[in-house]
Amino acid sequence: MSQTHTQHPGTPRRALVVIDVQNEYETGGLRIEYPPIADSLQNIGKAMDAAHAAGVPVIVVQETSPADSPLFAIDSHGWKLHEVVASRPRDHYLRKLLPSAFSGTDLADWLKRHDIDTLAVVGYMTHNCNDTTIKHAFDNGLQVEFLMDASGSVPYANRAGIATAEEIHRVFAVVEQSRFAAVMRTDEWMAHVANGTLPERDTIHASHQRARASTAAIA
């Protein structure tokens, strides 16, 4: 367990959730393309170390699929936690079958028992399990923080169109910042944890107004 730290008035009662940092995303069938996997893995390790040093609980989540699944097949190499996460201490561990770390798990109850009001999110993927977990946490009344350089995306192509990993990651980060989470780099988050400060949050209205102003200025 992480060492319990003294909270100052107004300081967030944080936990760090590390979502699905598994070999599948580095060497398996769902390789992260943006940001580069080596960079996001390094930042995930930094975030976990900073959390542990500050007494912020660390929750590790592992996606699990049946043995005959093409991705995350239980007990396969791709299913196993990446060494960056497996080698570090954690306060709670859970397996999940659905995108959100809340669905079918005890995460909500665990956070409530530990008086957590702010959930910091890292791991994979930005647009899938991270996004659904962020939205689920937001709807549950938690403040959410998303470390955008400790996450990542893959490209998609389907009947709706084609999107690069960079496009998907960037757009989802912008949408999260518009209401659902405070989006920042790992180093920024570490500074907020160390100083007991609050990150900048935003609104849909303000985000939209800035975009309109920017478009008008270009025109």
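The values are calculated or read from the model by the stated rules, or taken from the named source; none is laboratory data. Fair warning: this is a prediction, and the values are worked out from it, not measured in the lab. Glycine also receives a Cβ, built like all others from the backbone with ideal geometry; neighbour counts cover every protein chain displayed.
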Can you tell me how many residues within segment 37-60 are over 17 Å from the mean Cα position of the chain (by Cα) and assigned to a loop (DSSP other than H, G, I, E, B)? 1
Please find, within segment 61-116, the residue that is surrounded by the most Cβ atoms within 10 Å (Cβ to Cβ) out of those that are touching a residue at least 12 places away in the same chain (Cβ under 8 Å) and assigned to a helix (DSSP H, G or I). L107
Collect the residues in segment 132-146 that are closer than 12 Å to F172 by Cα and surrounded by 24 or more Cβ atoms within 10 Å (Cβ to Cβ), keeping them in residue-number order. I134, F146
Kindly provide the set of residues from segment 118-172 that are of a type in the set (S, T, Y) and touching a residue at least 40 places away in the same chain (Cβ under 8 Å), ordered by number. T118, Y124, T126, T133, S151, S153, T164
Scanning segment 41-60 for residues that are among the β-branched types (V, I, T) and under 14 Å from I19 (Cβ atoms), which turns out surrounded by the most Cβ atoms within 10 Å (Cβ to Cβ)? I44
For the list (1) under 22 Å from K46 (Cα atoms); (2) surrounded by 16 or more Cβ atoms within 10 Å (Cβ to Cβ); (3) out of contact with any Pro (no Cβ under 8 Å at 6 or more places or on another chain), I need the number of the one condition that H169 fails. (3)
I need a count of the residues in segment 117-147 that are within 17 Å of H82 (Cβ to Cβ), in contact with a Phe, Trp or Tyr (Cβ under 8 Å, 6 or more places away or on another chain), in a helix (DSSP H, G or I) and not β-branched (V, I, T). 1
Only one of (1) exposed (fewer than 14 other Cβ atoms within 10 Å of the Cβ); (2) in contact with a Lys or Arg (Cβ under 7 Å, 6 or more places away or on another chain) fails for D149. Which number is that? (1)
I need a count of the residues in segment 161-181 that are farther than 17 Å from G123 by Cβ and either aliphatic (A, V, I, L, M) or touching a helix residue (DSSP H, G or I) at 6+ places or on another chain (Cβ under 8 Å) (or both). 8
Among the residues of segment 158-202, count how many are at pLDDT 95 or above, in a loop (DSSP other than H, G, I, E, B) and among the small types (G, A, S). 2
So E145 ticks every box in (1) charged (D, E, K, R); (2) more than 19 Å from the chain's Cα centre (by Cα); (3) closer than 27 Å to K46 by Cβ but one. Which box is left unticked? (2)
Under the condition of being polar (S, T, N, Q) and modelled with pLDDT of 95 or more, which residue from segment 203-214 is surrounded by the most Cβ atoms within 10 Å (Cβ to Cβ)? S207
